[in-house]
Amino acid sequence: MHVPVSITINGRQYSRDVEPRLLLVHLIRDVLGLTGTKVGCDTSQCGSCTVLIDGVAAKSCTCLAVQADGTSVTTIEGMAGDEGLHPLQESFWNKHGLQCGYCTPGMIMASHELLRCNPDPSDEEIRHGLEGNFCRCTGYQNIVRAVRDAAGSATGGAQ
Amino acid sequence: MSASTFGSGIRRREDPRLITGTATYTDDIVLPGMLHAAMLRSPFAHARITSIDTSAAAEAPGVVAVYTGADTEGEIGPAPCAWLLPDSGLSIADYHCIAKDTARYVGDIVAVVVAESPHQAYDALDLIDVDYDMLDAIVEPKESAAEGAPQLHAEIEGNQAFHWTVTGGGDIGEAFESAAVVVKETIVQQRLIPNAMEPRAALASYTQATGELTLWNTTQNPHIVRFLMSLVVGIPEDRLRVIAPEVGGGFGSKIAVYPADFITVFCSKKLGVPVKWVETRSENYQATTHGRDHVQEIELAATSDGKIVGLRATVWAGMGAYLSTAAPGIPTILHGLMLSGVYDIPAIHEDVYGLYTNTTPVEAYRGAGRPEATFMVERLVDLLAAKLDIDPAEVRRRNFIPKFDNGHDVVTGLTYDSGDYDGALTKLLDKAGYDQLREEQVEARKQGRYIGLGLSTYVEICGLGPSQVAGAIGFQGGLWESAIVRFHPSGKVNVMIGASPHGQGEETTFAQIIAGELGVSPDDVKVIHGDTDNTPMGWGTYGSRTTAVGGAALALAARKIRDKAKVIAAHLLEAAVEDMEYEDGKFFVKGSPDSSKTIQDIALMANVAWNMPEGVEAGLEATTFYDPPNFVFPYGAHLARVEVDAETGSVTLQRYVAVDDCGPQINPVIVEGQVHGGIVQGIGQALWEEGVYDEDGQLLTGTMLDYAIPRADGLPDIEVHSTVTPSPHHPLGVKGIGEAGTIASTAAVYNAVIDALQPLGVSSVRMPLTPERVWRSIQAAQEDN
Amino acid sequence: MFAPQFDYYRAGSVAEAAALLAEHPEAKLLAGGHSLIPLLKLRLAAPSALVDIGRIDSLRSIREESGTIEIGALTTHSELASSELLRSRATALAEAAGMIGDPAVRNRGTIGGNVAHADPASDLPAVLACLGAEFRVTGGNGDRSVGASDFFEGLMSTAIGEGDILTSIGIPTVDSACGSAYAKFAHPASRYAVIGAAAALVVDEDGSCTCASVTLGGLVPAPVRATAVEEALVGTRLDAAAIASASGLTGDALDADDVLGDVYASAEYRRSVAQVWVQRALSSAAARCG
Ligand SMILES: Cc1cc2nc3c(=O)[nH]c(=O)nc-3n(C[C@H](O)[C@H](O)[C@H](O)COP(=O)(O)OP(=O)(O)OC[C@H]3O[C@@H](n4cnc5c(N)ncnc54)[C@H](O)[C@@H]3O)c2cc1C
Ligand code: FES
Ligand code: FES
């Protein structure tokens, strides 16, 4: 069985016929070639695949492409706008919030969610807000700094 | 420029592509006509394969090929072990890429399917019918050595891969017999799963017409992959290009060249089209190498005033079902030689038994042997302190090697380069406010609260290492590094290195080295790595060696450039070379700095070569192969403060303070990041992480649902400090920092928990210190009282 | 990571979903997908088809009507956690929902899917049992409303039969002298409950406890009421000593044979320390009374 799916990603609309079993992350990465979104696990734990579906963070590995039909998705590729990097991207860069970078796209999307729900979080709240995103490199400390820093700067939404 | 760039915490050059999702990791690459491989892995830890029926899989939609061990026989050799530990009776079992008749761990490859899509490949795996005859399995290393244990390899007696010893200094037996105090402990360094966030992957593209192969691989050492790949699959090295594109962390797990890599290449070679294989996380848990897995029986002898007179240990190291690429060197050379730690220990003896077990092969994992050594020593020192009722800081002080700046011999045969261990501890205690923390502990105890302080003072061996030593210890490669520095006519610089960073930030720090040496802006330097066709040979990024060895190669290459530039500048300024001075990227005649030639001027002239000095070649480029005269020995002192809830056994890490000395810091922000990450990994071992097998060899922690890696919550902010002691033999004085945190932190946290539990009479808990383990040891201690 | 094949149907209404289920008896309902998709990815489930009810907006609501808070089955954990109504009137539910997994999981996982899946390590079954929830089921076996004790039948098994759809969950509203709370011992890897304790307390004007409900989850196949603890609390003033001594009876509620254990935490350990979480839940609930 193939099912038509129409989805807007980073402002551009895509229509494809997909197998129902296709995960959103595979649609994004393998069908549409937007490889910024990562896959780090097969049990929905690691958060590497986090995207925004209609502005709300979701694990794209735990959503079928058909479930996302008709939605508007933002991936890491859609975070920078005409004015340049998103404040979160800037702050991850400024605060050395990444090393190998593999967790970073998901981490930035999860941080976006955190600030959407809580624009002025404490360190404790940042740590809790990122509990669904694993990073094996940084020990998280500079990620926390980066999010705190981004919260301080003008909050710009995703495109 | 130069002075301010070397040593400044500038932002990383690699980040723009990583924060925008435009970096390219292996799984991001798509080639025309590419097929997808999936591995069928044994669900049993030890079983004879009596038959395999692949016919239904071969017929399944989209399937292009199915191969079993019979198909690879004679086509690809066994996955090699490349650290042939001498004088150890090393017995290497053949590690067939596809198991031929026996599967020896859950995850051993039994067949491979190649299909048009990953979905189709996985669908077809379900259709392969394998008959297994179950055999008894053995998973614990010490039990594997016991009489009557199930045997893994017919040709290897007693499952013993090797027996290695280190003996140094005075008579160990006598040291113990005459000692006033002896403390003993048995430690289980549990098995850990590295969990680099990027799973492993390989994309092989073989062109039958030319016999050339390009392999994109998640590796820490593409040149080693090329070398071993060539030996195993028979493609000449000159036809083989290995590319490590963006690599998402390794921590040792991406050093080895794995069966799945060889098989992926085999498939592409057979089919003449690109084939990609990407492991799933659960597959990673089964098949990508694990770390640690030691059972350690250790003892320390000392005088009544706490002066150590001897250390003796027996270690049973689980190696898994086969010996991975560098495995034999980890629990031996990188472990046993470090048993003196930061202390003056007059007699040391260790026996290490490497044992085959029906488990995933064990390899280097961040720290690789050194955390296991540090833990032993730091644990013993704490036990000694407790026994003599001396403060743990004081016992350490009584035994520290005194400050030295150019070589100190320890009895295991190593010569440490430089260190001031007391200096690091003093700074730590000061920054942490140790005396006050101890007072608070006394107060807390009065209120029935269990607060503990743990120290860990460590030294590590890194910057591997002199190639002559590599040869002597059986490492089947060199351990030098290389760098090419190439100035373009416009004064911009390309640096090509043989090492292969994968998150550590050397694209930035190496640009800073060039900036420091040659006065260009780091923005004008591009560091190229990870492609065997574009970079000089090098041995890779592990063992905290990239800056320690590769950075030295780079600095020396830059100095060669400077020397040549000076000759050209002298010619252009019509002066004698001896009269030339260099400062901040400018060459001028002594006393007249106003008329000068910049390095960019020289680069242009060298490249156009209109007016070169007699006998000087065109171009401004230098290559260096740097073979270090010795290892480097970073060190430090860490402190953890924990509180234990005695009712439930749960541990809260309240504070963590670190002082590390890695010599001069090229980029302190990056150093701090390495320290954070390393410490958290070590905390993970102390508190949360363990790869658990049941007695049948089933991996019970087989997914991220079961294996607890540290998360953002549950961790305090780590307080990072440093001291600076240059290495006397490194051109920049720098040491390594990639593994330091991990080496120190497990012991610090563990010691803190035991310190907290001291009023309850607990002196030992098996790691990780889960609430139940802590709770049970409290219960047991109460029953004993 | 690559699920087996299945067909997919999207239902626009409950009736349509019921019809699709009748037509495809081997099909499974898909709500938020946060229990089902992980199983599919590991090939631990292989339904022939999925009936997606995720867009039936009528099932996504939290309303108070005639003495009951009615929660649509598709209400997400995030919505539960942030609902002012729940936070004030069924605090334990909002609290527990806020402890599920992580923010992204909470954004998509639903209360209906959570209880229908009935994983013993889930948080919501114990809380809903504690709060006296009624589960409204429609479909194959007719419309009915089932109490918690009948709804949770055992390990991953509920009163939802073939062709049934859980449409909403009703919680009886309570007066303001009632406080409820949830305390959780989370597994360090999965974040599911190793032990979950839910408590709801009612006090009279003098601060004396008139009614107590205490339920345990996580360590048992289906939620268990700690009746001995409840009885010991009634009539006390809910001070620390009363709570501590009542919590001490937690073990009595747990039949040793029923307690679940795993490689992380054994049954014996869980049974021994469960009282600590009961005590924590009771202390917070008591603090919220009045
Ligand atoms: C990483 C992760 C962490 C998690 N952590 C926790 C945790 O800490 N605590 C916790 O409680 N849960 C946890 N969960 C599970 C989560 O709460 C799920 O959302 C929930 O269990 C299922 O809800 P769903 O809407 O996603 O259901 P689905 O996955 O869509 O469905 C689950 C099952 O219920 C059936 N079903 C769904 N809706 C209905 C309905 N209305 N009527 C009848 N049957 C229905 C489906 O057919 C399926 O069998 C976690 C999940 C993940 C992925
Ligand atoms: S890939 Fe790990 S949570 Fe989605
Ligand atoms: S930066 Fe490597 S996993 Fe986070």
Quiz item: Is there any pair linking a residue in the range A:107-130 that is within 14 Å of chain B (Cβ to nearest Cβ) to one that is basic (Lys, Arg), with Cβ under 7 Å and at least six apart or on different chains, and which?
Solution: A:123/A:148; A:126/A:148
Practice problem: Name the single residue, out of those in the range C:223-240 being assigned to a loop (DSSP other than H, G, I, E, B) and in contact with a Leu (Cβ under 9 Å, 6 or more places away or on another chain), that is nearest to residue C:290 (Cα to Cα). | Solution: C:238
Quiz prompt | Residue that is farthest from ligand 2 (Cβ to nearest atom) [pool: residues in the range A:75-85 that are open to solvent by 10 Å² or more (accessible area, probe 1.4 Å) and either at the interface with chain B (Cβ under 9 Å from one of its Cβ atoms) or not acidic (Asp, Glu) (or both)] | solution = A:84
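Specify the residue that is least open to solvent (accessible area, probe 1.4 Å); the eligible residues are those in the range B:662-701 that are of a type in the set (D, E, K, R) and more than 20 Å from residue B:371 (Cα to Cα).
Here the residue is B:694.
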Practice problem: Exactly one condition in (1) part of a loop (DSSP other than H, G, I, E, B); (2) of a type in the set (A, V, I, L, M, F, W, C); (3) without any contact (Cβ under 8 Å) to a residue 60 or more places away in the chain is not met by residue B:781; state its number. | Solution: (1)
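Within 14 Å of chain A (Cβ to nearest Cβ) and at pLDDT 95 or above: is that true of residue C:100 in this structure?
Numbers: within 14 Å of chain A (Cβ to nearest Cβ): yes; at pLDDT 95 or above: yes.
For residue C:100, the condition - within 14 Å of chain A (Cβ to nearest Cβ) and at pLDDT 95 or above - is met.
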Self-check item: Within the range B:525-543, tally of residues that are outside any loop (DSSP other than H, G, I, E, B) and under 26 Å from residue B:364 (Cα atoms)
Solution: 2
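Here's the yes/no breakdown for (1) basic (Lys, Arg); (2) in contact with a Pro (Cβ under 8 Å, 6 or more places away or on another chain); (3) more than 14 Å from chain B (Cβ to nearest Cβ); (4) part of a strand (DSSP E or B):
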position	(1), (2), (3), (4)
C:215	no, yes, yes, yes
C:221	no, yes, yes, no
C:242	no, no, yes, no
C:274	no, no, no, no
Quiz prompt | Members of the range B:544-575 that are open to solvent by 10 Å² or more (accessible area, probe 1.4 Å) and in a loop (DSSP other than H, G, I, E, B) | solution = B:544, B:573, B:574, B:575
Self-check item: Members of the range A:54-66 that are among the aliphatic types (A, V, I, L, M) and either within 14 Å of ligand 1 (Cβ to nearest atom) or outside any strand (DSSP E or B) (or both)
Solution: A:57, A:58, A:64, A:65, A:66
Exercise. Among the strands (runs of 3 or more DSSP E) lying completely within the range B:608-702, list those that include at least 1 residues that are within 13 Å of chain A (Cβ to nearest Cβ).
Key: B:650-661
Quiz item: Looking only at residues in the range A:12-66 that are open to solvent by 20 Å² or more (accessible area, probe 1.4 Å) and hydroxyl-bearing (Ser, Thr, Tyr), which one is farthest from ligand 3 (Cβ to nearest atom)?
Solution: A:15
Practice problem: Name the one entry in C:262, C:257, C:252 that is away from chain B (no Cβ under 11 Å), assigned to a loop (DSSP other than H, G, I, E, B) and out of contact with any strand residue (DSSP E or B) (no Cβ under 7 Å at 6 or more places or on another chain). | Solution: C:257
Exercise. Take the residues in the range B:244-262 that are more than 24 Å from residue B:98 (Cα to Cα) and open to solvent by 10 Å² or more (accessible area, probe 1.4 Å), then tell me which one is nearest to the chain's Cα centre (by Cα).
Key: B:251
Exercise. Enumerate the pairs (first residue in the range B:442-471 and part of a helix (DSSP H, G or I); second residue anywhere and surrounded by 15 or more Cβ atoms within 10 Å (Cβ to Cβ)) with beta-carbon separation below 7 Å, excluding pairs fewer than 6 apart on the same chain, so at least 6 apart or on different chains.
Key: B:444/B:451; B:467/B:478; B:467/B:479; B:467/B:480; B:467/B:627; B:470/B:477; B:470/B:478; B:470/B:479
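Starting from residues that are in contact with an Asp or Glu (Cβ under 7 Å, 6 or more places away or on another chain) and within 14 Å of ligand 2 (Cβ to nearest atom), keep the ones in the range A:8-39 and report whichever is farthest from residue A:109 (Cα to Cα).
Once the filter is applied, the top-ranked residue is A:35.
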Quiz item: What strands (runs of 3 or more DSSP E), lying completely within the range C:43-119, carry at least 1 residues that are open to solvent by less than 20 Å² (accessible area, probe 1.4 Å)?
Solution: C:49-52, C:68-72
Quiz item: Among helices (runs of 4 or more DSSP H) lying entirely in the range A:90-159, which contain 2 or more residues that are within 16 Å of ligand 1 (Cβ to nearest atom)?
Solution: A:104-117, A:123-129
Quiz item: Quick one: how many residues across the range B:563-580 are touching a strand residue (DSSP E or B) at 6+ places or on another chain (Cβ under 6 Å) and of a type in the set (D, E, K, R)?
Solution: 2
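Run down B:295, B:275, B:265, B:342 and say which single residue is surrounded by fewer than 24 Cβ atoms within 10 Å (Cβ to Cβ), touching a strand residue (DSSP E or B) at 6+ places or on another chain (Cβ under 7 Å), β-branched (Val, Ile, Thr) and touching a residue at least 24 places away in the same chain (Cβ under 8 Å).
Being surrounded by fewer than 24 Cβ atoms within 10 Å (Cβ to Cβ), touching a strand residue (DSSP E or B) at 6+ places or on another chain (Cβ under 7 Å), β-branched (Val, Ile, Thr) and touching a residue at least 24 places away in the same chain (Cβ under 8 Å) holds for just one of B:295, B:275, B:265, B:342, which is B:295.
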Quiz item: Can you pull out the residues in the range B:145-183 that are polar (S, T, N, Q) and surrounded by fewer than 18 Cβ atoms within 10 Å (Cβ to Cβ)?
Solution: B:151, B:165, B:167, B:178
Self-check item: Conditions (1) near ligand 1 (Cβ under 9 Å from one of its atoms); (2) surrounded by fewer than 24 Cβ atoms within 10 Å (Cβ to Cβ); (3) modelled with pLDDT of 95 or more: number failed by residue C:139
Solution: (3)
Practice problem: Give me a count of the residues in the range C:1-52 that are within 24 Å of residue C:102 (Cβ to Cβ) and more than 11 Å from chain A (Cβ to nearest Cβ). | Solution: 2
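Is it the case that some residue within the range C:208-217 is within 12 Å of ligand 1 (Cβ to nearest atom) and either modelled with pLDDT of 95 or more or on the phi < 0 side of the Ramachandran plot (or both)?
yes
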Quiz prompt | Where a residue in the range B:388-407 is of a type in the set (Phe, Trp, Tyr) and its partner, wherever it lies, is surrounded by 13 or more Cβ atoms within 10 Å (Cβ to Cβ) and part of a loop (DSSP other than H, G, I, E, B), with Cβ under 6 Å and at least six apart | solution = B:400/B:342
Exercise. Can you give me the ranges of the strands (runs of 3 or more DSSP E) entirely in the range B:237-356 with at least 3 residues that are within 14 Å of another protein chain (Cβ to nearest Cβ)?
Key: B:275-278
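The values are calculated or read from the model by the stated rules, or taken from the named source; none is laboratory data. Only a predicted model underlies this, so the values are computations on that prediction, with no experimental measurement involved. Note that we place each Cβ from the backbone using ideal geometry, even for glycine, and neighbour counts take in every protein chain shown. These accessible areas exclude ligands, DNA and RNA; they are computed on the full protein's heavy atoms, side chains included. Shrake-Rupley method; radii C 1.70, N 1.55, O 1.52, S 1.80 Å.
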